[in-house]
Amino acid sequence: MGTMNINMSYYPPCPNPSITIGARQHCDGSCITLLFQDDTGGLYVRGIKGGNWTHVNPIKGSLAVYIGDLLRIMSNDRYKSIEHCEAVDSSRVRISIPLFVISSLDSVIGPFPQMFIAGEKPVYKHVLHCDY
Ligand SMILES: O=C(O)CCC(=O)C(=O)O
Ligand SMILES: [Fe+2]
């Protein structure tokens, strides 16, 4: 069984955003994340090979959906978790509400055998989610 966690994040404006910490670059430890962000923007993502950050333009009424580390593990690296970070705005409040879909902490996580094709080997061991 799995569970869902929801965060409600409030980023106050800062006249000099470059000196704020914001949310540092990271990948979520979820299976998938559904994110609502307001129209201030400030979410950036980076491709799986690194490189430049891309701003995720907020689209009214939309959700950003991204893959987290759990799905990466379960898919044996076929689906990569996306690195992202958030920047504050110089004059506007930013509000975001991510919903994290995760497996329960007492479940065993690891690559699904169905993901191995043509003799592929598992990239990850099976571990208890709470030990990950
Ligand atoms: O504020 C956001 O846009 C997302 C926050 C986030 O990345 C997280 O809570 O993991
Ligand atoms: Fe995140």
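Tabulated data
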| item | result |
| --- | --- |
| Among ALA118, ALA23, ALA87: highest mean-square fluctuation, GNM of the chain, C-alpha pairs under 10 Å | ALA118 |
| Residue-averaged 222 nm ellipticity for the chain, from DSSP H runs of 4+ at -39500 (n - 2.57), nearest 500 | -1000 deg cm²/dmol |
| Stretch gain in nm, segment ARG24-ILE95, where the contour uses 0.36 nm per residue and the Cα spacing is subtracted | 23.9 nm |
| Computed over the chain: relative contact order in percent, which uses C-alpha pairs under 8 Å that are six or more apart | 36 |
| Percent carbon-and-sulfur accessible area, the chain, ignoring ligands, DNA and RNA, probe 1.4 Å | 60 |
| Extension gain, LEU63 back to LYS80 (0.36 nm per residue minus Cα-Cα distance, nm) | 4.2 nm |
| Lysine-lysine proximity count for the chain, Cα under 26 Å, sequence distance 8 or more or distinct chains | 5 |
| Accessible area expressed per residue, the chain, with surrounding protein chains retained (probe 1.4 Å, Å²) | 62 |
| Hydrodynamic radius of the chain per Kirkwood, over alpha carbon pairs, in Å | 16.1 |
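The values are calculated or read from the model by the stated rules, or taken from the named source; none is laboratory data. None of these values were measured; they are calculated from a predicted model. These area figures cover heavy atoms from the full protein model, side chains too; ligands, DNA and RNA do not enter into them. Shrake-Rupley method; radii C 1.70, N 1.55, O 1.52, S 1.80 Å.
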